[in-house]
Amino acid sequence: QLAHLPPAIRDKVRDHPCFSEEAHQHYARMHVAVAPACNIQCHYCNRKYDCSNESRPGVVSELLTPEQAVRKVLAVGAHIPQLTVLGIAGPGDPLANPERTLATFRALSEQAPDIKLCLSTNGLALPGLVDAICAHNIDHVTITINCIDPDIGARIYPWIFWQHRRVTGRRAAEILIEQQQRGLEQLIARGVLVKVNSVMIPGVNDDHLKEVSRLVKAKGAFLHNVMPLIAEPEHGTFYGLMGQRGPTAEELRALQDACAGDMNMMRHCRQCRADAVGLLGEDRHQEFTLERIE
Ligand code: CLF
Ligand code: SF4
């Protein structure tokens, strides 16, 4: 699977469990939940829980300070030798909390230089932070891109917080899409490996995601991960309350297959918590709560 890649990319991918399907059986990742705030609103999000870009709605992570996060990574690293990747993916948006996120990465690159650093974002604040991302040796970035058409975006995002104001409707989606695409281009120009996550929302963006896949591939994204919407009324999300359903397994597979002609597709995603620990698919976060490690 990796043999055809240029050596520089192969090195970045080889032991990253999300970027390489092979690696996910041997290498572990962990997330530290240091980023509580978010700068946009997705209809599928419930702020009481973790960011649904990369997380299952319905779980609440223990919020850590950057110092606590570093202690936790060192403790987990001592117990799980296969740990190769540290990601920040919530519970809000890591780049809406740049001080906390970057302080964590900075301390880790000093104290645990062998661990690869990974970041997942909605992309709104990305263009202004690409220099900082590169300066902190963050080699892997995931952008959640659900659309490239603002009319579709207006059905996914009720508002964004932009230049100290709340912007709503089509204009909000337009700004978000523009920022995501600029951020994607800048990261690729700087040699950062980019994965694009998309949440498949039947009747809203399902057909459209093929177009998204083609565009992000043409721009040089390494991998596309189409994830199913998890909309459940008990989580109180707008979609859940409006009766919006998630895709069936067959619908998801059909869309992934349709995109696969154009793009490397990720099919082993487990929609991790913002404080996930271990191999993908095993959840050891309870072994490493602050109370237990301190
Ligand atoms: Fe975490 Fe995401 Fe980095 Fe992986 S998860 S920040 S790229 S280290 Fe992986 Fe989990 Fe799927 Fe994310 S399985 S939700 S794709
Ligand atoms: Fe929620 Fe994440 Fe969307 Fe922010 S980006 S509103 S935390 S799902």
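The values are calculated or read from the model by the stated rules, or taken from the named source; none is laboratory data. Bear in mind that the values here come from a model prediction, so they are computed numbers and not experimental data. Every residue, glycine among them, receives a Cβ derived from its backbone with ideal geometry; neighbour counts consider all protein chains shown.
Below, the figures for the structure above:
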read-out	value
Whichever residue in the range 24-44 is surrounded by fewer than 24 Cβ atoms within 10 Å (Cβ to Cβ) and among the small types (Gly, Ala, Ser) and, among such residues, is nearest to ligand 2 (Cβ to nearest atom)	Ala37
Residue that is nearest to the chain's Cα centre (by Cα) [pool: residues in the range 129-171 that are surrounded by fewer than 18 Cβ atoms within 10 Å (Cβ to Cβ) and of a type in the set (Gly, Ala, Ser)]	Ala132
Positions within the range 50-72 being among the β-branched types (Val, Ile, Thr) and more than 16 Å from ligand 2 (Cβ to nearest atom), in sequence order	Thr65, Val70
Residue in the range 76-85 that is under 18 Å from the mean Cα position of the chain (by Cα) and within 15 Å of ligand 1 (Cβ to nearest atom) present	yes
Check on Gln286, closer than 25 Å to Asp15 by Cα and part of a helix (DSSP H, G or I)	yes
Ala276 vs. criteria closer than 14 Å to Cys18 by Cβ and either more than 16 Å from ligand 2 (Cβ to nearest atom) or without any contact (Cβ under 8 Å) to a residue 12 or more places away in the chain (or both)	no
Sole residue being under 22 Å from His43 (Cβ atoms) and in contact with an Asp or Glu (Cβ under 7 Å, 6 or more places away or on another chain), chosen from Pro202, Pro228, Pro233	Pro202
Enumeration of residues in the range 73-104 that are within 13 Å of ligand 2 (Cβ to nearest atom) and part of a helix (DSSP H, G or I)	Pro94, Leu95, Ala96
Total residues in the range 105-128, condition in a helix (DSSP H, G or I) and either buried (at least 21 other Cβ atoms within 10 Å of the Cβ) or touching an Asp or Glu at 6+ places or on another chain (Cβ under 8 Å) (or both)	4
Residue identified as surrounded by fewer than 16 Cβ atoms within 10 Å (Cβ to Cβ) and modelled with pLDDT of 95 or more among Arg267, Arg253, Arg284	Arg253
Residue ID - nearest to ligand 1 (Cβ to nearest atom), chosen from residues in the range 20-40 that are under 27 Å from Gly153 (Cα atoms) and in contact with a Cys (Cβ under 9 Å, 6 or more places away or on another chain)	Ala35
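For every residue, the table says whether it meets (1) out of contact with any helix residue (DSSP H, G or I) (no Cβ under 6 Å at 6 or more places or on another chain); (2) closer than 24 Å to Ile88 by Cβ.
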residue: Ile201; (1), (2): yes, no
residue: Ser213; (1), (2): no, no
residue: Met227; (1), (2): yes, yes
residue: Arg253; (1), (2): yes, no
residue: Ala258; (1), (2): no, no
residue: Met266; (1), (2): yes, yes
residue: Arg270; (1), (2): yes, yes
residue: Glu282; (1), (2): yes, yes
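A quick yes/no check of all residues on (1) within 12 Å of ligand 1 (Cβ to nearest atom); (2) under 26 Å from Ser20 (Cβ atoms); (3) modelled with pLDDT under 95; (4) not hydroxyl-bearing (Ser, Thr, Tyr):
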site	(1), (2), (3), (4)
Gly58	no, no, yes, yes
Val73	no, yes, no, yes
Ser109	no, yes, yes, no
Leu124	no, no, no, yes
Ala154	no, no, no, yes
Tyr157	no, no, no, no
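Here is a yes/no grid of residues against (1) crowded, with 21+ Cβ neighbours inside 10 Å; (2) outside any helix (DSSP H, G or I); (3) among the acidic types (Asp, Glu):
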site: Asn46; (1), (2), (3): no, yes, no
site: Asp50; (1), (2), (3): yes, yes, yes
site: Leu63; (1), (2), (3): no, yes, no
site: Glu67; (1), (2), (3): no, no, yes
site: Arg71; (1), (2), (3): no, no, no
